[in-house]
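Quick notes on the structure that follows.
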Amino acid sequence: MTRAFLLAMGVLLPASVLAVLVALAFGSVTIPTADLLAVFNGEASRLHSTLVLELRLPRALAAFAAGGLLGIAGALMQVLLRNPLADPYVLGLSGGASVGALLAMLAGLSMFSVSMAAFFGALLSTVIVFGLAHGTGSWTPTRLLLTGVVVAAGWGAMISFILAVSPTAELPGMLYWLMGDVSHARNPYPAWGVLVLVVLLALPLGRTLNVLARGPMQAAALGVAVRPVEWSIYIAAALITATAVTQVGAVGFVGLIVPHMLRLVFGNDQRVILPASALAGGILLTLADTLARTIIAPEQLPVGVITAMLGVPVFLFLLYRSR
Amino acid sequence: MTFKVFRRHMALLVATFLCATPALAEPVTVTDDEDRELRLEQTAQRIVSLAPHITEVVFAVGAGDRLVGATQYSDYPPEAEDIPRVGGYSRIDLERVLELEPDLVIAWRSGNSGSQIERLRDLGIPVYVSEPRRFEGVASSMRRIAHLAGTEATGDAAAQAFLDRIEALRNEYAQRDPVRVFYQVWEQPLMTINDQHLIAEAIEVCGGSNVFGHLDRLVPRMDREAVIEADPEVIIGGGMGEDRPDWVRAWERWEDLTAVQRDNLFFIAPSLLQRHTPRIAEGTALMCEELERARLRRPGQ
C-alpha cells in the first residue's frame, strides 16, 4: 500500500459517505435535522421515512454507483487508448445506448425495457467499433479512437432522426434521457454489484495497467500479454459503461474529468487511480444529482447539465494550475 | 323555543348525520383512461393535479377547493395560480407530491413520465390516469373526476352543459358548405394536426374539413410546400400565448393562397382550443364564427 493510496482512500471514503448523507438530507422538501435522525431510529413520520428511504436513498445510491462506474470506465479507457481525451463514451457507447433507449421509448415500452435496450445498444456499438477497428488485422489505439468517434457521429445522426420524427409528447422524456437523469433509476443494487466487482478485479491489475500505460512495446518487453489485456480492458469498460447508462442515461463528463482530476492530485499510478476514480465519480454524480433535484425545485434538472457545469470549470482550473 | 321545535331540530340533525356519515365513508370506484379500476375508500379530499388542463377540469366539476397541488402553468381559473406547485408536468417533483399527502393524484398519460406515475402507485397513492381524446372523452373525464371527488351534482351538470353546447354548434354548422381548413399548431417546426386530434373535431363540428386530416401522425410536422399545394381556404394559427403569433400574418407572403386572397388568416387562443377542458366549447364557438366569416367572403356571396 503506497502513501498515495492511503491518502486517496483516507480522503475519498469519508467524502463518499458524506456525499450520500448530503443527498439524503437535502431535497425539495425540507426535513429538519431532528426528523432526519428520527428516520434512522425508525421513529419518524411515515411521510419523512418515505421521502428519505424510498425516494432519496435509492436515487442517491443509483447516482453513486453510476458515477463510480463511469469514473472507472473513463480511467480504463484512458489507459487503453493512451489518449487523455478518451472517455467511456468515446467508442460510441452512449450513442448506441441512446438510440436503443429512444427506440424503446418510441415503441412505448416500460422503463425497464428502455434500460435493457440501452444496455444492448451500448454493447452493439462496442461490437461494431471493435469489429471495424480490428479490420484486416492492424489494431492501434488511434484507429480504435477514430472508429469510435465516427461511429458516435453516426449514432448522433440517428438520434437526431428519432427526435425529429417522434411525437411531441415523447420529446421531454427523450431529452431528459439524453442529458442524463437519475429520476427513473429504481434498483441501484445490480449497478453496485458490478461496481464492487470491478474495483476488486481492478486492484490486482493495477501494476499491469501501469506498465501498459507506458506503451505496448515496453509492456510486451516487461512480460505483459498486451493483446489479451487490452481486449479485456476494452470489454470490461464497455460492460461497465453500459451498466451505468441503464441507471442514469447518457451522463457526460464524469468519465472524462474524474480520472484526470485524480491524476493531477495523486499522480498516474493506476493502483490508486482506478479505485479513486470509482469513489470520486460516485461523489461527483451524487452531489450533482442532489443539486439537480433542489436547485430550481419543484422543477427538476437533468443531472447531466450539472455534471457539465461543475466539471468543466474545475477541470480547466486544475489543468491551468498544472504544468 | 318550544320543545316541539327543538325536537324537530334534533330530528333534522340526526337525519343529516345519518345521511351524511355513510355518504362520506362510501367507497367510490371509477375506471380511468388506462382501463384501470380505481377504488377510493371515501371521496377524494386532497387532490394533486399533474397537468394544467386537469387542474381546470377539477375546478370545472366543482372540486377546485380539494386541490392541494398542481403543476406549473395551471393558470385557469385564476384561483389555480395559488395552488402549491409540484414541478412541471414532464418531470414531477415526487417529494413535493408526497409532502402534500394526497388521497388522489390525477395524471396525464401523454404528458407525465410513465415511470413517475408508476412510482406514485408503488408508494401507495391512488392515481387516476386521464387521457381524453374526443369531446365525449372530455365530458366523461369530467363525470369520473366529479365522481371521485363526490361532486357529481356540479360535475354532471357541467359535463352535460358542455355536450349540449357542442351539440348546438354541431346542429347549426356541421351541415353547412365545407370549408377547407389548415390548422397550424406551431411555426418552427411547422406543425398541424390530423383528424384524430381534438381540434379536428372542433373543425368538423363547425362544418370545416381539415386539409391534412388523412395524415398518420397526430401532430405531423409539415413542409411549407404541402400547405401551399393544399391551398386551404382558411388558416387558423394556435401558438402558445393569448396573442396572435406573427407567423399567422407571415402567410401573406404567398399571395396566391386562397386563404390569403380572402384574408382568412385567423387566430384562436390555444388555451381555448388545445386543452382538454370544457373551455374547448368556447374555442369551438370561435372556430365556427371564423369559418362562417370565411363562407361569407366567398366570391358571389
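From the list B:V211, B:V248, pick out the single residue that is without any contact (Cβ under 8 Å) to a residue 60 or more places away in the chain, touching a Phe, Trp or Tyr at 6+ places or on another chain (Cβ under 7 Å) and among the β-branched types (V, I, T).
None of the others qualify; the one that does is B:V211.
For region B:191-213, state whether one or more residues are touching an Asp or Glu at 6+ places or on another chain (Cβ under 9 Å) and within 14 Å of another protein chain (Cβ to nearest Cβ).
Yes, because at least one residue in region B:191-213 is touching an Asp or Glu at 6+ places or on another chain (Cβ under 9 Å) and within 14 Å of another protein chain (Cβ to nearest Cβ).
State whether one or more residues within region A:171-188 are over 23 Å from A:G255 (Cα atoms) and more than 23 Å from the chain's Cα centre (by Cα).
Checking region A:171-188: at least one residue is over 23 Å from A:G255 (Cα atoms) and more than 23 Å from the chain's Cα centre (by Cα).
I want to confirm something. Restricting to region B:108-119 and keeping residues that are of a type in the set (S, T, N, Q) and within 23 Å of B:M142 (Cβ to Cβ), which single residue is farthest from the other protein chains (Cβ to nearest Cβ)?
B:N112
Can you give me the ranges of the helices (runs of 4 or more DSSP H) entirely in region B:46-156 with at least 1 residues that are more than 30 Å from A:M179 (Cα to Cα)?
Answer list for region B:46-156: B:52-60, B:135-149.
Any residue in region A:284-312 that is part of a helix (DSSP H, G or I) sitting within a Cβ distance under 6 Å of a residue that is among the aromatic types (F, W, Y)? List the pairs, counting only those 6 or more apart or interchain.
Here the result reads A:T286/A:F64; A:T290/A:F26; A:T294/A:F26; A:T307/A:F253; A:A308/A:F253; A:G311/A:F253, each pair linking region A:284-312 to a residue that is among the aromatic types (F, W, Y).
Confirm whether B:A168 is within 17 Å of the chain's Cα centre (by Cα), aliphatic (A, V, I, L, M) and either part of a helix (DSSP H, G or I) or within 14 Å of chain A (Cβ to nearest Cβ) (or both).
Spelling it out, it is not the case that B:A168 is within 17 Å of the chain's Cα centre (by Cα), aliphatic (A, V, I, L, M) and either part of a helix (DSSP H, G or I) or within 14 Å of chain A (Cβ to nearest Cβ) (or both).
Out of curiosity, is A:S166 crowded, with 16+ Cβ neighbours inside 10 Å, of a type in the set (S, T, N, Q) and modelled with pLDDT of 80 or more?
yes
Looking only at region B:249-258, filter to residues that are out of contact with any helix residue (DSSP H, G or I) (no Cβ under 7 Å at 6 or more places or on another chain) and part of a helix (DSSP H, G or I); which one of those is modelled with the highest pLDDT?
B:T258
Out of region B:65-75, which residues are buried (at least 19 other Cβ atoms within 10 Å of the Cβ) and either more than 12 Å from chain A (Cβ to nearest Cβ) or basic (K, R) (or both)?
Listed by number, the residues that qualify are B:R66, B:L67, B:V68, B:S74.
Which residue pairs have Cβ atoms closer than 9 Å, lie 6 or more positions apart in sequence or on different chains, and pair a first residue in region A:90-111 that is within 14 Å of chain B (Cβ to nearest Cβ) with a second residue that is among the small types (G, A, S) and assigned to a loop (DSSP other than H, G, I, E, B)?
Matching pairs, first to second residue: A:A101/A:G249; A:A101/A:A250; A:A104/A:S110; A:M105/A:S166; A:L106/A:S166; A:M111/B:S113.
For region B:78-94, what are the residues that are within 11 Å of chain A (Cβ to nearest Cβ) and under 21 Å from B:A149 (Cβ atoms)?
Within region B:78-94, B:P84, B:R85, B:V86, B:Y89, B:I92 qualify.
Is there any pair linking a residue in region A:33-45 that is surrounded by fewer than 11 Cβ atoms within 10 Å (Cβ to Cβ) to one that is part of a helix (DSSP H, G or I) and among the hydrophobic types (A, V, I, L, M, F, W, C), with Cβ under 9 Å and at least six apart or on different chains, and which?
Note: pairs meeting the criteria are A:T33/A:A25.
Which of the numbered conditions does B:E101 fail, given that it passes all the others? Conditions: (1) free of Cβ contacts under 8 Å to residues at least 12 places away in the same chain; (2) farther than 19 Å from B:S74 by Cα.
Looking at each condition in turn, B:E101 falls short on (1).
Being closer than 18 Å to B:E101 by Cα and in contact (Cβ under 8 Å) with a residue 24 or more places away in the chain is the filter here; which residues of region A:46-59 pass it?
Passing the criteria: A:L51, A:V52, A:L55, A:R56.
Of the conditions (1) at pLDDT 80 or above; (2) over 20 Å from A:S183 (Cα atoms); (3) not small (G, A, S), A:M105 satisfies every one except a single condition; which number is it?
Condition not satisfied by A:M105: (2).
Only one of these is within 14 Å of another protein chain (Cβ to nearest Cβ), at negative phi and in a helix (DSSP H, G or I): A:L171, A:L203. Name it.
The match here is A:L171.
If I go through region B:208-238 residue by residue, how many of them are over 19 Å from A:T168 (Cα atoms) and touching a strand residue (DSSP E or B) at 6+ places or on another chain (Cβ under 7 Å)?
11
Please state which one of B:V105, B:V97 is crowded, with 22+ Cβ neighbours inside 10 Å, within 13 Å of chain A (Cβ to nearest Cβ) and β-branched (V, I, T).
Going through B:V105, B:V97 in turn, just one is crowded, with 22+ Cβ neighbours inside 10 Å, within 13 Å of chain A (Cβ to nearest Cβ) and β-branched (V, I, T): B:V97.
So for region A:142-162 (the condition being at pLDDT below 85 and surrounded by fewer than 19 Cβ atoms within 10 Å (Cβ to Cβ)), does at least one residue qualify?
Yes, because at least one residue in region A:142-162 is at pLDDT below 85 and surrounded by fewer than 19 Cβ atoms within 10 Å (Cβ to Cβ).
Based on what the data block shows, is B:S141 within 14 Å of another protein chain (Cβ to nearest Cβ) and surrounded by 18 or more Cβ atoms within 10 Å (Cβ to Cβ)?
no
Considering A:V245, A:V251, which residue is away from chain B (no Cβ under 14 Å) and in a loop (DSSP other than H, G, I, E, B)?
The unique qualifying residue is A:V251.
Quick check: is even one residue across region A:126-136 more than 14 Å from chain B (Cβ to nearest Cβ) and in contact (Cβ under 8 Å) with a residue 60 or more places away in the chain?
Yes, the conditions are met somewhere in region A:126-136.
The values are calculated or read from the model by the stated rules, or taken from the named source; none is laboratory data. Because the structure is a prediction, the values reported are computed rather than measured. Don't worry about glycine lacking a Cβ; one is built from the backbone with ideal geometry, like all the others, and counts go over all protein chains shown.
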